[in-house]
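Structure record follows, encoded as structure tokens.
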Amino acid sequence: MAKEINWLVPPRRVTPADGQWRLPKRVVLGSDSDADALGLEKTAAVVRQSGRDAVVGGPDAQVRVVRNARLTDPEGYRLTIGPAGVTVEASTDAGAFYGLATLRELLRMGGAALACMKIDDAPAFARRGVYHDCARGKVPRLETLLGLVERLAEWKINELQLYVENAFRFEKHPAIWQGYSPLTPSDITKLQAHCGRHHIRLVPSLSSFGHMEKVLLLKQYAPLNELPHGSTLCPTDPGSIRFVEELYEEFLPLFEAEDFNVCCDETWDLGKGRTYDECRRRGEGQVYLDFLLKIRKLCQKFGRRMNAWSDVVLNHPETLDRVPRDIVMLNWGYEADSERLNRSGEIAKAGLPMVLCPGTSSWNTIASRWTNAHQNIRQAAALAKRYSAEGVLNTDWGDLGHRQFLAVSLMPLAFGAAESWKPGAADIEAFPRRFSRQAFGDADGRIGDAIEALGTIYLRYGITQANRDPMTSNLQEPLRPENNALWYTLHRQVDRYRPEALASVLEALPEAGVWKQPAGDPFDALSLAEFALSARIIALYCFRSSVAWQMGMGETVGAATYRKLAEQIDRTAKDFAAMWNARNKPSRLRDNLRLFKDAAAEARRYARG
């Protein structure tokens, strides 16, 4: 029977039993603990979607939640479905919440009756996280983050980190967020409360060494730079650690979680500027480690357990034995069969705690790279299990303006949740349909098929690049390279897609009508609209690339074609702006719209001859 259940997040063990529970017209749900109220209300809402009445509280509950101290896993539960109803047993509030989440998954599949069974379940990892970029393009509205938390909790995610760089309203350093629409202390406080209700830890994360370019470009902070116009703090400048401490003083008190991600990745400038002589004398790895240890002292001062990205330490493996054993290494890698992830054993051998960090493969794309995503995530989860890591942190970045929509990250986030709960158990082939059934009530799987089609479009272009979909830079490239001498020396793509490849892409695009299925929640309705616009953007980019191909081949392109291209760009830009504003603050929208504006103006210049 277990094999017949279309699990999105498969449980550890399912024992089939005879019979079934037929839902009555009125379902009563109850618990002796007020802590279960949210999970019960969510479950009642799913019952009501089947056309039945559902109430929380009252005698003779058919769905009961009870505490059982013999279930020792802090996030584990036992779910028993019998002919008379359902019992969820757990020793903790979190376990009860996850047991009810599993019941909701079954209810969305089961219709009027659920097969009798017993589920004994607990997660493979203590940390099952999502890392969401809020700094390099989109700064999400609070309502967006609250909605995201609700969906992550449904998939049993228990940790959320936000990448903020300068996109936080620091009172002592207001210059670093001027011109942006930063997250505010109030945003963080409200988000944390919502996370707590959904059994998610909101873990602070803040760039503390590298990726400081937006700050270091400002006149008052430029003296802290390793290199002029660079992105890395000079670690030997006493002002650098003082600046970091002042940021921590404002940021960290807002968070309850003990863990703190100090980042410290990709310190590209180190040893190339002010620390050149020091790195030559003592070694770049040791100079890096010295600053890491200063940050560790700050973490201890603020009562935090330090987490840091692993790349620089792995680039200097001689430092591994000198890294304190209380620093958690976040080992990241985003391609299928990632070389860096495959080096996780070196971190484990050094005795360092570790979290494996794959990605959604949505950044630098229009509609994600689904095949790469599920291969990368499964690799990370398998390695985390092999090396007894603390867990998996699935990253969702916003490189180069964060033009991809949140919707295209949702299925990879759900897959990451499944792999974090029970590595290797999710059915990859069936996953898109199972995801759309749970997320959008998609009974016939058409939406799931369409999401998968969009997520694998990148394989049809005939051009592949690591860490990106090459079509995503379409608007940044002029139709002809002579319009921008820089593109003579860069690896340009816009005019290199063969006509047959573009035709294959257009043929694979889902029909527009598939996205018009009613969604019960505004968050979900917006997600479907984002998928629809993503498909339109792909079609627009194919049109523009076909024009660039014809120009490159010396073919005549009529003025009407250029005008049509400009008009499509204008319409898409308008819809892109509306979609951006629906979920996000205005930060960086103008920068992205400039790409559309310039591309439309270029097409009109060609139309004029």
>> I want to confirm something. Restricting to segment 543-557 and keeping residues that are assigned to a helix (DSSP H, G or I) and without any contact (Cβ under 8 Å) to a residue 60 or more places away in the chain, which single residue is nearest to S368 (Cα to Cα)?
In response: F543
>> Checking the condition more than 22 Å from the chain's Cα centre (by Cα) and outside the structural domain of L589 (by TED's automatic domain parsing), which residue from A101, A153, A193, A113 passes?
In response: A113
> Restricting segment 15-43 to residues that are surrounded by fewer than 19 Cβ atoms within 10 Å (Cβ to Cβ) and of a type in the set (A, V, I, L, M), which is farthest from H199 (Cα to Cα)?
Replying inline: A17
>> When you check R433 against the structure, is it in the same structural domain as K585 (by TED's automatic domain parsing) and among the basic types (K, R), yes or no?
In response: no
>> Anything in segment 110-140 that is hydrophobic (A, V, I, L, M, F, W, C), under 24 Å from S388 (Cα atoms) and not in a strand (DSSP E or B)? List them, or say none.
In response: A122, A124, F125, A126
>> Exactly one condition in (1) touching a helix residue (DSSP H, G or I) at 6+ places or on another chain (Cβ under 6 Å); (2) closer than 18 Å to A425 by Cβ is false for Y387; which is it?
In response: (2)
> What are the residues in segment 558-609 that are of a type in the set (K, R), closer than 24 Å to W177 by Cα and part of a helix (DSSP H, G or I), if any?
Replying inline: R583, R590, R594
>> Please determine whether any residue of segment 93-106 is surrounded by fewer than 13 Cβ atoms within 10 Å (Cβ to Cβ), basic (K, R) and at pLDDT 95 or above.
In response: no
>> Kindly evaluate F255 against the criterion of being of a type in the set (F, W, Y), assigned by TED's automatic domain parsing to the domain that holds V355 and in contact with a Pro (Cβ under 6 Å, 6 or more places away or on another chain).
In response: yes
> Got at least one residue in segment 202-217 being more than 26 Å from V355 (Cα to Cα), assigned to a helix (DSSP H, G or I), in contact with a Phe, Trp or Tyr (Cβ under 9 Å, 6 or more places away or on another chain) and not aromatic (F, W, Y)?
Replying inline: yes
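Residues are listed down the side, and each one gets a yes or a no for (1) surrounded by fewer than 21 Cβ atoms within 10 Å (Cβ to Cβ); (2) in the same structural domain as A600 (by TED's automatic domain parsing); (3) at positive phi; (4) touching a helix residue (DSSP H, G or I) at 6+ places or on another chain (Cβ under 8 Å):
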| residue | (1), (2), (3), (4) |
| --- | --- |
| L528 | no, yes, no, yes |
| Y541 | no, yes, no, yes |
| Q550 | yes, yes, no, no |
| N581 | yes, yes, no, yes |
| K585 | no, yes, no, no |
| R588 | no, yes, yes, yes |
>> With closer than 30 Å to G401 by Cα, at pLDDT 95 or above and either crowded, with 24+ Cβ neighbours inside 10 Å or not aromatic (F, W, Y) (or both) as the only criterion, which of P358, P353 stands out?
In response: P358
> Can you name the residue in segment 321-368 that is assigned to a strand (DSSP E or B) and in contact (Cβ under 8 Å) with a residue 60 or more places away in the chain and, of all such residues, is nearest to the chain's Cα centre (by Cα)?
Replying inline: C357
> Are there any helices (runs of 4 or more DSSP H) wholly within segment 409-507 with 2 or more residues that are at pLDDT 95 or above, and if so which?
Replying inline: 431-440, 446-455
> For E256, all conditions in the list (1) farther than 18 Å from H211 by Cβ; (2) touching a residue at least 60 places away in the same chain (Cβ under 8 Å); (3) part of a helix (DSSP H, G or I) hold save one; what is the number of the exception?
Replying inline: (3)
> For A17, which of the numbered conditions (1) under 30 Å from A425 (Cα atoms); (2) in contact with a helix residue (DSSP H, G or I) (Cβ under 7 Å, 6 or more places away or on another chain); (3) aliphatic (A, V, I, L, M) fails to hold?
Replying inline: (2)
>> Return the residues of segment 72-98 that are under 19 Å from K42 (Cα atoms) and either charged (D, E, K, R) or not assigned by TED's automatic domain parsing to the domain that holds A61 (or both); say none if nothing qualifies.
In response: E75, R78, E89, D93
>> Just to be sure I understand, how many residues within segment 262-299 are assigned to a helix (DSSP H, G or I), in contact with a Phe, Trp or Tyr (Cβ under 9 Å, 6 or more places away or on another chain) and among the hydroxyl-bearing types (S, T, Y)?
In response: 1
>> With the requirement that a residue be within 17 Å of F576 (Cβ to Cβ), at pLDDT 95 or above and either surrounded by 24 or more Cβ atoms within 10 Å (Cβ to Cβ) or out of contact with any Asp or Glu (no Cβ under 8 Å at 6 or more places or on another chain) (or both), what does segment 389-405 give you?
In response: H402, R403, Q404, F405
>> Condition first: hydrophobic (A, V, I, L, M, F, W, C), assigned to a strand (DSSP E or B) and buried (at least 24 other Cβ atoms within 10 Å of the Cβ). Can you find one or more residues in segment 372-382 that meet it?
In response: no
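The values are calculated or read from the model by the stated rules, or taken from the named source; none is laboratory data. Being a predicted model, the structure only gives us computed values, none of them experimental. FYI the Cβ positions are ideal-geometry reconstructions off the backbone, even for glycines, and counts take in every protein chain you see.
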